[in-house]
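Notes to accompany the following structure.
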Amino acid sequence: MQDSYQDTYSAWEADPDAFWAGAAQDIHWFTPPTTTFDGSIGAYGRWFVGGETNTCYNCIDRHVVAGRGAETAVIYDSPMTGQTARYSYDAVLTEVSALAGVLRNHGVSKGDRVIIYMPMIPEAVFAMLACARIGAVHSVVFGGFAAHELATRIDDSGAKVVIGASCGLEPGRIVPYKPLLDQAIDMAKAKPDYCLVLQRDQYHAPLRYEHGDVDLAQAIEQEKLTGTKVDCVPVASTDPLYILYTSGTTGQPKGVVRDTGGHMVALNWTMRNIYGVKPGEVFWAASDIGWVVGHSYIVYGPLLAGNATVIFEGKPVGTPDAGTFWRVVNDHDVKVLFTAPTAFRAIRRDDPDGEHMTRYDLSGLRALFLAGERADPETLKWAEAKLKIPVIDHWWQTETGWAIAANPAGLGLLPVKHGSPAKPMPGYALDVLDDAGHPVPHGTLGNIVAKLPLPPGCLVSFWNAEDRFRSSCLEEFPGYYKTADAGIIDEDGYVFVMARTDDIINCAGHRLSTGGMEEVCAMHPDVAECAVIGIADELKGQIPCGFLVLKKNVHRDHAVIAKEVVQLVRDEIGPVAAFKMVLMVDRLPKTRSGKILRGTMQKIADGLPWKMPATIDDPAILDEITAVLQAHGQVPSAGKVAVG
Ligand code: COA
Ligand code: AMP
């Protein structure tokens, strides 16, 4: 019989090493680890030290060797192009091996970094696995980021090769990725040796052969013709599998480093115990491979556990309608679906009575998991009522790579408390501390922290920035990892995650740094100073709003300046920033020491109760901000300019 949540959590508490050593048995090791956890190395210790393994082997070859090669591994479904395709484990092995050969022919070997800048197509997944196969470290960049962000990642990772596609597809438009890649490479200080470019039918990009561009499809074809077999390269358990850049508190993104062994052990464990799926079943994370959810649950988790995974190139609404998700569930017999609450808010907005759901056979769907932002109880209850299956909120971060708190379907569901992602998963001992680091009573809001060491699968450091990792995550609360989320733990041990404690906002399930946007706004020559805050939005959860103070000698039309600033953010960060709202103000509210009171501004903007900060320099400025926001509410007036 399956152990209950409490038994499982207690077993982990009693002997964490034995617990994870047990989970590691399900992974194939070329050399088994000598030590389950070694606390003496790394920022907080390292998992499965002495072990040698390979993630691609565990995702693909292992299942082929076990005789499951003919079973489906990858399902591609693109309402953008009308295409669907299925790849067996055998077929994935052929594709990945050929792509690994192409990488090797272009000088990539163990430890080298490879940037992947591709839309939601099977080749993106093959590219990730091909890197893993030869021990190269991939770094996937989300397609909604613009050239400058891409250049930052190329430079920081020191990528030897970029694997890109000619274009992505957004509703109603083709997004040419290759020109953005060209710009990024022109901007980058460290130029990659090659760009392997997949030409899509929708847009053939001019290739710059003199700069090392290679037609990827041709190179793969050539490799298949020669039939060279590329074996999986054994790597240390502690070697990096990937770097995933995520927003930090400044414009400089931080490269979360994921190791090899711990990552596999943790993700494999979650598939059965948290998501409750069995090998062979179809698991669909409707996210993007550019985000951590895509890494963990489009690619690695399902393939490690021998599931079929869905690569969906579309949106929850508008491709062509709010029934797309249900069509995919129906067509591919999806057993468990995972997406962001914002996708459900979009579906609910377009199909409030859930009529589309009645047009498809959803009887195979067992559970819906939500993450990426707070699941507001209204959306959650609507999904429960319409789908009549468990709708499970779970909380995690790019840094952790898997759920910190969840309601584990595989261990037997706990009673649901709406608004809470339920209880900590094994590996996570959570506390809530006040700003001075003292535990607060149950039910009191504070900083949610996880006792060190972090479990397998969590970040081991930031790429080339161990000091930054220590100072931003480990130092403020000694002995703990700071999640930078504020929340409460109630008397039953349920966690409620309420807000970030830093400048990160969550817009349409995408993590964005308002500090990064401020840096871009400040680049505009007419801007004297600025503040960007996240304000509540019915669909996207939060959207960024920029408050600009213009230089005294600027007499240009405010609407024109606002448009320029919006465009600047789009060009520098990318459309994903969803930065469309700009308000002109005379002054920004500050403390006497000069700190901008962003938190108070946000409360005012969201219509929440707020207190006059004791340290405020000039209280009248908050009235000015309120007036500008009020004017923005309905009718445009002189104080504000909204663009979009
Ligand atoms: N490549 C290029 N551009 C992209 C892109 C990509 N991969 N993804 C998004 N963009 C663009 C969009 O086209 C949009 O451009 P626009 O300003 O010209 O309209 C902009 O970035 C903002 O995108 P988004 O915030 O996603 O808004 P949207 O209106 O296009 O879609 C939702 C809204 C809610 C339907 C959509 O955000 C969604 O499906 N969210 C789910 C989020 C998710 O999966 N998160 C991952 C964590 S689980
Ligand atoms: P990302 O790193 O992009 O996955 O974003 C992580 C952040 O998203 C977390 O730190 C939270 O602020 C927020 N988040 C993710 N899942 C949840 C959830 N289930 N409930 C509340 N906030 C969440």
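The values are calculated or read from the model by the stated rules, or taken from the named source; none is laboratory data. Since this is a predicted model, take the numbers as computed values, not measurements. Here the Cβ positions follow ideal geometry from the backbone for every residue, glycine too, while neighbour counts run over all protein chains shown. Accessible surface is based on the protein model in full, side chains and every heavy atom, while ligands, DNA and RNA are left aside. Shrake-Rupley method; radii C 1.70, N 1.55, O 1.52, S 1.80 Å.
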(message) Every residue in the stretch 326-342 that is assigned to a helix (DSSP H, G or I) and either open to solvent by less than 10 Å² (accessible area, probe 1.4 Å) or farther than 23 Å from P421 by Cβ (or both), please.
(response) W326, R327, V328, V329, N330, D331, H332, P341
(request) With the condition kept exactly as written, say whether any residue in the stretch 303-318 is open to solvent by 40 Å² or more (accessible area, probe 1.4 Å), away from ligand 2 (no atom under 16 Å from the Cβ) and touching a residue at least 12 places away in the same chain (Cβ under 8 Å). (result) yes
(request) Taking the residues in the stretch 133-163 that are more than 19 Å from the chain's Cα centre (by Cα) and more than 19 Å from K189 (Cβ to Cβ) as candidates, determine which candidate is surrounded by the most Cβ atoms within 10 Å (Cβ to Cβ). (result) I163
(request) Give the stretch 55-86 a look and list any residue that's in contact (Cβ under 8 Å) with a residue 60 or more places away in the chain, open to solvent by 60 Å² or more (accessible area, probe 1.4 Å) and assigned to a loop (DSSP other than H, G, I, E, B), or say none. (result) E71
(request) Filter the stretch 455-510 down to residues that are within 11 Å of ligand 2 (Cβ to nearest atom) and acidic (D, E) and give me whichever is nearest to A286 (Cα to Cα). (result) D485
(message) Return the residues of the stretch 383-397 that are in contact with a strand residue (DSSP E or B) (Cβ under 9 Å, 6 or more places away or on another chain) and either at pLDDT below 95 or not small (G, A, S) (or both); say none if nothing qualifies.
(response) E384, L387, I389, P390, V391, I392, D393, H394, W395, W396, Q397
(message) Restricting to the stretch 533-555, give me the number of residues that are part of a loop (DSSP other than H, G, I, E, B), over 28 Å from P377 (Cα atoms) and either within 15 Å of ligand 2 (Cβ to nearest atom) or of a type in the set (F, W, Y) (or both).
(response) 0
(message) Given the criterion touching a residue at least 60 places away in the same chain (Cβ under 8 Å) and either within 16 Å of ligand 1 (Cβ to nearest atom) or farther than 19 Å from D431 by Cβ (or both), identify the matching residue among A508, A528.
(response) A508
(request) Could you list all residues from the stretch 297-321 that are within 10 Å of ligand 1 (Cβ to nearest atom) and small (G, A, S)? (result) G314, G318
(request) State which residue is nearest to M498 (Cα to Cα) when the search covers only the stretch 366-381 and only residues that are more than 13 Å from ligand 2 (Cβ to nearest atom) and open to solvent by 10 Å² or more (accessible area, probe 1.4 Å). (result) E378
(message) Being assigned to a strand (DSSP E or B) and either of a type in the set (A, V, I, L, M, F, W, C) or more than 17 Å from the chain's Cα centre (by Cα) (or both) narrows it down to one residue among L241, L225, L303, L267; which is it?
(response) L241
(request) State whether one or more residues within the stretch 237-256 are of a type in the set (D, E) and within 16 Å of ligand 1 (Cβ to nearest atom). (result) no
(message) I'd like the full set of residues that are free of Cβ contacts under 8 Å to residues at least 24 places away in the same chain and surrounded by fewer than 16 Cβ atoms within 10 Å (Cβ to Cβ), limited to the stretch 1-31.
(response) M1, Q6, D7, S10, A14, D15, D17, A18, G22, Q25
(request) With respect to L411, determine if the residue is at negative phi, surrounded by fewer than 24 Cβ atoms within 10 Å (Cβ to Cβ) and within 16 Å of ligand 1 (Cβ to nearest atom). (result) no
(message) Within the stretch 343-355, take every residue that is closer than 11 Å to V317 by Cα and not in a loop (DSSP other than H, G, I, E, B) and give me the one that is most open to solvent (accessible area, probe 1.4 Å).
(response) R349
(message) Taking the condition of being open to solvent by 20 Å² or more (accessible area, probe 1.4 Å), touching a residue at least 40 places away in the same chain (Cβ under 8 Å) and either outside any loop (DSSP other than H, G, I, E, B) or closer than 14 Å to R374 by Cβ (or both), how many residues in the stretch 475-496 meet it?
(response) 4
(request) Could you grab me the full set of residues in the stretch 279-302 that are away from ligand 2 (no atom under 16 Å from the Cβ) and open to solvent by less than 10 Å² (accessible area, probe 1.4 Å)? (result) F283, W284, P302
(message) closer than 25 Å to D393 by Cβ and not in a loop (DSSP other than H, G, I, E, B): is that true of I289 in this structure?
(response) no
